[in-house]
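Asker: Take this structure, written in structure tokens, and hold onto it; I'll ask about it next.
The values are calculated or read from the model by the stated rules, or taken from the named source; none is laboratory data. Since the structure is predicted, the reported quantities are computational estimates derived from the model, not experimental observations. For neighbour counting, all protein chains shown are included, and Cβ atoms are generated from backbone atoms with ideal geometry for every residue, glycine included. Please note that ligands, DNA and RNA were not included when accessible areas were found on the heavy atoms of the full protein model with its side chains. Shrake-Rupley method; radii C 1.70, N 1.55, O 1.52, S 1.80 Å.
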Amino acid sequence: AQRVTQPEKLLSVFKGAPVELKCNYSYSGSPELFWYVQYSRQRLQLLLRHISRESIKGFTADLNKGETSFHLKKPFAQEEDSAMYYCALSGISGNTPLVFGKGTRLSVIA
Amino acid sequence: EPEVTQTPSHQVTQMGQEVILRCVPISNHLYFYWYRQILGQKVEFLVSFYNNEISEKSEIFDDQFSVERPDGSNFTLKIRSTKLEDSAMYFCASKQGAAETQYFGPGTRLLVL
């Protein structure tokens, strides 16, 4: 079964502190992993996908196939990082839908 | 930058009524999706659409639901006879190619009374 687990509903950190948002998945095959972010009153937008291996807004995520994890990290949190973060997966081939986790609300405290 | 748009932003309806949620995908996109998010729960896939037909649908997408691309721009989700449990945020998404990123609309919040 395809499943994405984000164990934390809410994560509060102080500005300047490191952030790690956890994501574990189960998928039979090779999935593609994504992080989407939703800022207050805005739409879901892609933050990063594992195949592009980019760092966006200082965030990185490494796919660990052994641990089936795709944790999102940032060394120094900023207030503007406060948002809802969703981990998602899809199949690698073609037109497969996204399977989302429940999301983690990140609150960065000044 | 082009964006997916959705109308209306909010809709309140009575149980048993039909609703049509509208989406305008990004113009050169070929793959279209509907998702929904019940309050406090995860975003769930409903249906995907490509080449003028449904590619895949979830078990949520029963006979009460239908999708249409009536012209070259709109992509609609119809709920024939709404139930209380259809109350949710409905998101449309589109992407250009099979391996491309999905872009989401702002959502329509549907409340069934």
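Asker: Whether any residue in segment B:40-61 is in contact with a strand residue (DSSP E or B) (Cβ under 9 Å, 6 or more places away or on another chain), surrounded by 16 or more Cβ atoms within 10 Å (Cβ to Cβ), closer than 14 Å to residue A:43 by Cβ and touching a residue at least 40 places away in the same chain (Cβ under 8 Å) is what I want to check.
Answerer: Yes, there is a match, as at least one residue in segment B:40-61 is in contact with a strand residue (DSSP E or B) (Cβ under 9 Å, 6 or more places away or on another chain), surrounded by 16 or more Cβ atoms within 10 Å (Cβ to Cβ), closer than 14 Å to residue A:43 by Cβ and touching a residue at least 40 places away in the same chain (Cβ under 8 Å).
Asker: Next question. Being of a type in the set (A, V, I, L, M, F, W, C), more than 13 Å from residue B:69 (Cβ to Cβ) and not in a strand (DSSP E or B) is the filter here, so list the residues in segment B:5-50 that pass it.
Answerer: If the condition is that a residue be of a type in the set (A, V, I, L, M, F, W, C), more than 13 Å from residue B:69 (Cβ to Cβ) and not in a strand (DSSP E or B), then B:15, B:26, B:38, B:39 are the ones that fit.
Asker: Could you list all residues from segment A:86-96 that are more than 7 Å from every other protein chain (Cβ to nearest Cβ) and either closer than 13 Å to residue B:95 by Cβ or open to solvent by less than 30 Å² (accessible area, probe 1.4 Å) (or both)?
Answerer: If the condition is that a residue be more than 7 Å from every other protein chain (Cβ to nearest Cβ) and either closer than 13 Å to residue B:95 by Cβ or open to solvent by less than 30 Å² (accessible area, probe 1.4 Å) (or both), then A:87, A:88, A:89, A:90, A:91, A:96 are the ones that fit.
Asker: Oh, and also: Residues A:99, A:37, A:19: which one is within 10 Å of the chain's Cα centre (by Cα), buried (at least 19 other Cβ atoms within 10 Å of the Cβ) and among the β-branched types (Val, Ile, Thr)?
Answerer: A:37
Asker: Another one. Open to solvent by 30 Å² or more (accessible area, probe 1.4 Å), more than 12 Å from chain A (Cβ to nearest Cβ) and closer than 30 Å to residue A:5 by Cβ: which single residue out of B:21, B:77, B:111 fits that description?
Answerer: Matching residue, one of B:21, B:77, B:111: B:111.
Asker: Please find, within segment B:58-74, the residue that is farthest from residue B:112 (Cα to Cα) out of those that are under 14 Å from the mean Cα position of the chain (by Cα) and within 14 Å of chain A (Cβ to nearest Cβ).
Answerer: B:58
Asker: Those residues that are within 7 Å of chain A (Cβ to nearest Cβ) and among the hydrophobic types (A, V, I, L, M, F, W, C), I need them from segment B:43-57; list them, please.
Answerer: Those that are within 7 Å of chain A (Cβ to nearest Cβ) and among the hydrophobic types (A, V, I, L, M, F, W, C): B:43, B:45.
Asker: From the list A:75, A:31, exactly one residue is away from chain B (no Cβ under 12 Å) and open to solvent by 20 Å² or more (accessible area, probe 1.4 Å). Which is it?
Answerer: Step by step, each of A:75, A:31 is checked, and only A:75 is away from chain B (no Cβ under 12 Å) and open to solvent by 20 Å² or more (accessible area, probe 1.4 Å).
Asker: Also, quick follow-up: Quick one: in segment A:40-63, which of the residues that are of a type in the set (Lys, Arg) and either touching a residue at least 60 places away in the same chain (Cβ under 8 Å) or under 16 Å from residue B:3 (Cα atoms) (or both) is least open to solvent (accessible area, probe 1.4 Å)?
Answerer: Only one residue fits best here, namely A:43.
Asker: While we're looking at this one, here's another question. Quick one: is residue B:41 farther than 13 Å from residue B:105 by Cα and at pLDDT below 95?
Answerer: Here the answer is yes, as residue B:41 does meet what is asked.
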